[in-house]
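The values are calculated or read from the model by the stated rules, or taken from the named source; none is laboratory data. As the structure is a prediction and not an experimental result, all values here were calculated from the model. Heads up, the Cβs are rebuilt from the backbone with ideal geometry, glycines too, and the neighbour counts pull from every protein chain shown. Only protein heavy atoms, including side chains, enter the accessible area calculation; ligands, DNA and RNA are left aside. Shrake-Rupley method; radii C 1.70, N 1.55, O 1.52, S 1.80 Å.
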Amino acid sequence: MAARARLLALAALVLVLVLTTAPGADALRSLGVGDDAGAAVAQGDAAVDLNATAFDAFLGAAREPFAVVEFFAHWCPACRNYKPHYEKVAKLFNGPDAAHPGRVLMARVDCALKANVDLCSRFSVDHYPFLLWGPPTKFVNIKWDRKQEKSEIKLIDDGRTAERLLKWINKQIESSFTLDDKKYENESMLPKNASDPEQIVRAIYDVEEATAHALQIILEHKMIKPETRDSLVRFLQILVAHHPSKRCRRGSAELLINFDDHWPSNISLSSQDSSRMLESVETDDHKICGKEVPHGYWMFCRGSKSETRGFSCGLWVLLHSLTVQIGDGESQSTFTSICDFIHNFFICEECRKHFYEMCSSVSVPFKSARDLSLWLWSTHNKVNERLMKDEKDLGTGDPSFPKVVWPPKALCSSCYRSSSKTGDEAVQVDWNEDEVFSFLVNYYGKMLVSSYKETYMESQEKKLVGHVGPLSDDASSSAARVPIGAALGVAIASCTFGALACFWRAQQKNRKQRNNWN
């Protein structure tokens, strides 16, 4: 009995020591780490310490698209000196105060521990510190060495300082993070800041991000087909004319110039052809909103969880911005282009169907930009009402950014004639639509402006003679029935960007003809 009592006392002492020296549960949960043994965050550290017990399970369950794993030895002086550098970068991505959470998982493995010897051998660790990069799931249950071809795991060969490591990461994910980046507290929709309309000016970066991400999805999923090609052309024409970002307007024009080179209208693209076209676009280093976009993070549209808001929010802002900047004569063609774009290229099946059903329910053509803007606003609120119920039932919403009727009173009190709650807690509003439209024009039009300096194309735009009227619905609808060269001609009627794009297109064809002649 005495021996048993001593064993129990010893076990209790060990438990106390473990609890007082273990990392805080809150810190682990902030990284999506459970209470499993083998994954821990040392006090004050941002990088997650892994051992052989939890390595595969932890990385297999990680939500981040990329991971950096440092293999080191605690007795190694160079490793001790490198740790502050690694931690500087890890603090950008890991932990509750991360500036860019959900982007890169930063982890480390101590190869000097006997339990990790086989794990380090799996990855052919031959020096310290040894850094590997890749999608977290690609680290799971594999044996890797640097001679492998076509492996998604890469050796980081230029990360010996925090600055060089971050530069390497930025190059991989085409971002522009800096070591000075701080946690961005998104205040655009929080109740305490709902009365601050100037938050929307930050959304210009998210609209660029969403535009770039949409094109990336279209290319990666090989969604440009003979039957969808013309709808993308029409949507790009609208972006050329009305995108709130100057450099996205320029990039859209450049994409239109070369569109039929990448996606000819007279062939049916096989999977192999489509892959070759994608490689061609990537080789040309085409970025629809500039080489520095996407930034790799959201600002106005940033959610409190990595899986909330983001792309869908940025796309909604873009669509609202387009509808408040078009001319009345473009209203029906813009409506058709938006509906077709979502129907053909929005990859969320349920959302796509719901949106297209609402498009199909419109029986009378739009005669003004006001009518289209109010329709999109009403449609967005209907979507929010549906998601509000689903998220409440399933617990999948963002607690910091719950779905609400838009705009809230704090942003536009004059938009409300009256409001009341129904039996199911839904809000019933008697809207003043004149005030709503005025709010939309100011919020998504006048305030959402690009902060970039005048682009080269815009400086050339000023040299063009005259400024023709907006794209008519009849002219736009005909674009789908003509080759891309003629479709670009239609863009002349939309804005001078289209004229410049058409001019450059003609020059390009003339050069090709001269080269062929010679």
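The table below lists the values:
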quantity	calculated
Residue match in the range 383-405 (condition: over 23 Å from the mean Cα position of the chain (by Cα), among the charged types (D, E, K, R) and not in a helix (DSSP H, G or I))	no
Residue match in the range 358-373 (condition: over 28 Å from K225 (Cβ atoms), of a type in the set (S, T, Y) and not in a helix (DSSP H, G or I))	yes
Verdict on F437 being closer than 22 Å to V207 by Cβ, surrounded by 17 or more Cβ atoms within 10 Å (Cβ to Cβ) and within 22 Å of the chain's Cα centre (by Cα)	no
Top-ranked residue in the range 331-379 [being of a type in the set (A, V, I, L, M, F, W, C) and open to solvent by 60 Å² or more (accessible area, probe 1.4 Å); ranked as nearest to the chain's Cα centre (by Cα)]	I347
Qualifying residue in the range 184-203 (condition: at pLDDT 90 or above and in contact with a Leu (Cβ under 7 Å, 6 or more places away or on another chain))	no
Residue that is aliphatic (A, V, I, L, M), open to solvent by 10 Å² or more (accessible area, probe 1.4 Å), at pLDDT 80 or above and within 22 Å of the chain's Cα centre (by Cα), where the choices are L236, L215, L255	L215
Filter result for the condition that a residue is outside any loop (DSSP other than H, G, I, E, B), polar (S, T, N, Q), more than 26 Å from T323 (Cβ to Cβ) and open to solvent by 50 Å² or more (accessible area, probe 1.4 Å), over S414, S420	S420
Criterion: at pLDDT below 90 and of a type in the set (G, A, S) - qualifying residue of G303, G329	G303
Filtered residues of the range 103-142 (kept if open to solvent by 20 Å² or more (accessible area, probe 1.4 Å), touching a helix residue (DSSP H, G or I) at 6+ places or on another chain (Cβ under 8 Å) and assigned to a loop (DSSP other than H, G, I, E, B))	R103, Y128, V140, N141, I142
For L278: the one exception among (1) at pLDDT 55 or above; (2) among the aliphatic types (A, V, I, L, M); (3) over 29 Å from Q325 (Cβ atoms)	(1)
Selection status of V69, touching a residue at least 12 places away in the same chain (Cβ under 8 Å), more than 14 Å from T161 (Cβ to Cβ) and of a type in the set (A, V, I, L, M, F, W, C)	yes
